[in-house]
1. Taking the Cβ-Cβ separation of Leu18 and Ile45 as r and a Förster radius of 25 Å, what is the calculated FRET efficiency to the nearest 0.05?
2. Carbon and sulfur atoms: what percent of the 1.4 Å accessible area of the chain do they account for?
3. What does the net charge come to around Met132 if you take all other residues with beta carbon closer than 12 Å to its beta carbon, with K and R at +1 and D and E at -1?
4. Please state the relative contact order of segment 59-176 as a whole percent: Cα pairs under 8 Å, 6+ residues apart?
5. Could you work out [θ]222 nm for the chain from helices alone, using -39500 (n - 2.57) per DSSP H run of at least four and dividing by all its residues? Round to the nearest 500 deg cm²/dmol.
6. For segment 39-95, state which chymotrypsin sites (Phe, Trp or Tyr not before Pro) are in a DSSP loop and have at most 13 other beta carbons lying within 10 Å of their beta carbon.
7. If you roll a 1.4 Å probe over the heavy atoms of the protein chains, what accessible area per residue do you get for segment 14-138, in Å²?
8. Indicate the gyration tensor shape class of segment 30-114 (rounded, prolate or oblate), computed on the Cα atoms with a ≥ b ≥ c the square roots of the eigenvalues: a/c under 1.5 is rounded; otherwise a/b larger than b/c is prolate and the rest oblate.
Amino acid sequence: MNEIIKKNGITFGIILGLFSLLITTAIYAIDLQLFTSWWIGGIAIVVPIIIGFVLVSKTKKQLNGNINFKEAFTVYFIAAVIGSFISKLFEYILFNFIDPQAKETIKEINIKYTTEMMEKLGAPAASINEAMQKVAETDNYSIGNIIFGLAMGLVFHAIFGLILAAIFKSKSNEGL
């Protein structure tokens with residue numbers, strides 16, 4: 001594997017992981033209700049996308065403007081795996097060892113938020129009660145759910161990485 005790709009993937013992976021860690025810590029410190037905020041979720045999606053564009057663009061530049069599809073995808077996916085792992089590991093430690101009560105508070109906030117949204121959408125009371133029971137029984141920060149979240153995140157990153165690679169691959173490498 002090309003050293004530039006490996007170095008950039010690892011460096012930007014750490015940057016992505018630290019960004020996620022800082023956002024999670026800030027939300028935790030400021031107000032747990034922000035975990036249900038749509039605009040925080042938007043930032044958590046948009047910033048990694050921007051970082052991905054910067055990463056692949058920088059890597060292409062360092063490779064003298066010549067990057068093939070595989071290299072573009074690989075550099076992004078390395079970063080995504082490292083960043084996602086750091087993020088999910090931090091969430092697991094924070095909500096299971098540092099402050100387990102916070103995950104219960106977040107669950108209560110989610111129940112209230114979901115109930116309000118379902119009521120606004122006119123869902124029947126039976127559906128709301130059933131949904132709330134499922135939410136109440138689910139531990140979003142269990143090791144199984146953290147791993148599931150990591151896997152789903154990596155699927156999203158793989159799809160986005162394929163799009164990025166198609167955008168940034170060098171024209172002379174269209175067959176690659």
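1. For R0 = 25 Å, the calculated efficiency reads 0.90.
2. About 68 percent, which is the carbon plus sulfur part of the accessible surface.
3. Once all neighbours under 12 Å are counted, the net charge is -2.
4. The normalised contact order for segment 59-176 reaches 53 percent.
5. After summing the helix terms and dividing by the residues of the chain, the value is -27500 deg cm²/dmol.
6. For chymotrypsin sites (Phe, Trp or Tyr not before Pro) across segment 39-95 that sit outside H, G, I, E and B with at most 13 neighbouring Cβ atoms in 10 Å, the list is empty.
7. 57
8. prolate
The values are calculated or read from the model by the stated rules, or taken from the named source; none is laboratory data. Computed from a prediction, not measured in an experiment: that's the story for all the values here. So basically every Cβ, Gly included, is an ideal-geometry build from the backbone, and we count neighbours across all protein chains shown. Surface areas here come from the heavy atoms of the whole protein model, side chains and all, with no ligands, DNA or RNA. Shrake-Rupley method; radii C 1.70, N 1.55, O 1.52, S 1.80 Å.
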